[in-house]
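Before any comments, here is the structure.
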């Protein structure tokens, strides 16, 4: 029989104190929304939506518990008498939901392990460690919820149980996100407020998913209701075969599970290879022992070069039309005569030979920022924050340079330029363009099918070239056909008949599944190819082609399960970061062949063409492609969308790639310590032994990177 409850339960004062505890726990968040300068130590700024949500939930449980206990103490219930009784009191365990949650957590972690190339013994040992981790985490969640529920008024005790009720659902969705996108759900949710405010519909629309705010709210409410009902009915079923447990036994159970986990981690540290140890550390966000591998093969104290805005003096002597076409999600190896005959011929016959060509990042807004501002993607955050807080931001150097030379500035796209500040961080706030056309999700243009939008912006661009002949034109066109959804006009005859009709991907695809999805993507690219061909043919008919500067590139690539996932924004592998960069200079321009090129090179090349001083070019991290070079420079790619492996930066030069990571790669702040993850050459990893050897190899293979991109790059000693 249960022991008598302390006095004070279920009185009005109990409800009042419980409510005050909850409100006090979330008060700092209300204060933050009232005053943006209020910044409690545990509250993280934009880009940490999920992290802040988790902290809020934890604080709510604490507030429930403290508020309830405060009332019980006021009712003269002495803690030293209540706690011993509570520790030894048996309570029924919802064992069905408890073991189901552990099973889901374990399966989640094991499926995550299966996406990486671990050896058999390593896989088994790590899997056992993750099962122990799952047991401990679920037990701690259960214990904290039980404690909060015990301190709650009787008619409100169900409220804390919504927390463990949602855990299996969250983990199941997380598995799907990882299998499809190679990113965790936590990272995806963190990014929701990266722009400084929450706009779920705009974020989803940018990813090719159209959901209204009302439908999202309905899904959220429905999910909470479903999870609540499931945990309720599992509790009722668990009572048929009762399992009762005391907090004391639960504590002993936790100690045993943690001891087994500690043994697995300690012994594994002695025999697992360095790659497996580090990959295990970064695959999972929850680690419950102090045993951890070195974060990299070498570690550096580093400071990126701050942005330096170039100045323009005088007017250019030549002012050709500048046509810039951005092809969404187009990877370099997708340009092929079989499905993009015009672009393949244009690249091979009309453009400067550029060898290997790289995006600045694997995300649209980051690459656009680097192209127009000529700066590393890391500095997008500063510009976006300035635009958000002040509602003012100067236009990028690219736009200001052309404005100073009296260009007619026209920017047209079929996407939403409000997404992650794509308009403000590139064209200024307010923008200084003569024309800006895009498709906000709440506008009429967005309601038109995307292929028709693409036809319309090209029609408008043609019309403008015929109407406004008095000034040189800068026309930027953003075509989205190869973005997820992979769409084309119904009147277009695509080159591949065997394709996925709905762009729905399998988590465990067969080779046929992958081929059908990729064929749909290539069909969409073929549609974009036809649009570009039509537009450039128009330039020829108008006599404006030969003397025009024409740039065609992709903002990033697209992965089709080459590394176990789909889409982009999840790694710096070449499939996501190697993009076409095609530049046709005006006739008579001497443009030497280059071994490689990057998005970062476009602004200095434009400045060089328009006769900007050499000193101004040196302020930028990129290089002018119009200048001869005996040695290939290091190409740098950076992202905060680094997926489950945490690789945030890649250096590429000749046949070698160096990859790096740092703590909180999704954070808006720049790192102070950078860890070298690996150096890979034609025969794989260099596989050196000591940090000094890795450092020596890095400096030998990438000699120009340190002074070009950093103000400080100093080796740090390894701490045993």
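The values are calculated or read from the model by the stated rules, or taken from the named source; none is laboratory data. Bear in mind the structure is a predicted one, so any value in this text is a computation, not a measurement. Please note: Cβ atoms are built from the backbone with ideal geometry, for glycine as well, and neighbour counts cover all protein chains shown.
With 173, 221 as the choices, which residue is modelled with pLDDT of 80 or more and closer than 28 Å to residue 664 by Cα?
Values: 221 fails: closer than 28 Å to residue 664 by Cα.
Being modelled with pLDDT of 80 or more and closer than 28 Å to residue 664 by Cα holds for just one of 173, 221, which is 173.
Inspect all residues belonging to segment 38-51 and state whether any of them is closer than 27 Å to residue 174 by Cβ and either in contact with a strand residue (DSSP E or B) (Cβ under 7 Å, 6 or more places away or on another chain) or at pLDDT 80 or above (or both).
Scanning segment 38-51 turns up no residue that is closer than 27 Å to residue 174 by Cβ and either in contact with a strand residue (DSSP E or B) (Cβ under 7 Å, 6 or more places away or on another chain) or at pLDDT 80 or above (or both).
Which of the residues spanning segment 513-545 are farther than 17 Å from residue 328 by Cβ and under 28 Å from the mean Cα position of the chain (by Cα)?
Matches in segment 513-545: 513, 514, 515, 516, 519.
Residue-wise test of (1) touching a helix residue (DSSP H, G or I) at 6+ places or on another chain (Cβ under 6 Å); (2) within 30 Å of residue 706 (Cβ to Cβ).
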{"site": "272", "(1), (2)": "yes, no"}
{"site": "294", "(1), (2)": "no, yes"}
{"site": "310", "(1), (2)": "yes, yes"}
{"site": "339", "(1), (2)": "yes, no"}
{"site": "346", "(1), (2)": "no, no"}
{"site": "349", "(1), (2)": "no, no"}
Notebook entry, point to check: Is it the case that residue 597 is surrounded by fewer than 24 Cβ atoms within 10 Å (Cβ to Cβ) and under 21 Å from residue 345 (Cα atoms)?
Noted result: no
Item checked: Hits in segment 511-568 - residues which are assigned to a loop (DSSP other than H, G, I, E, B), in contact (Cβ under 8 Å) with a residue 40 or more places away in the chain and under 30 Å from residue 116 (Cα atoms) -> 555, 556, 557, 558, 561, 563, 564, 565, 568
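Looking at segment 346-456, what strands (runs of 3 or more DSSP E) fall wholly within it and have at least 3 residues that are more than 24 Å from residue 551 (Cα to Cα) and touching a strand residue (DSSP E or B) at 6+ places or on another chain (Cβ under 9 Å)?
Working: elements: 356-358, 408-413, 435-437.
Of the strands (runs of 3 or more DSSP E) lying wholly inside segment 346-456, none has at least 3 residues that are more than 24 Å from residue 551 (Cα to Cα) and touching a strand residue (DSSP E or B) at 6+ places or on another chain (Cβ under 9 Å).
Does residue 392 count as crowded, with 23+ Cβ neighbours inside 10 Å and in contact (Cβ under 8 Å) with a residue 12 or more places away in the chain?
No: the conditions fail for residue 392.
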Notebook entry, point to check: When you look at residue 544, is it at pLDDT 95 or above and surrounded by fewer than 20 Cβ atoms within 10 Å (Cβ to Cβ), yes or no?
Noted result: yes
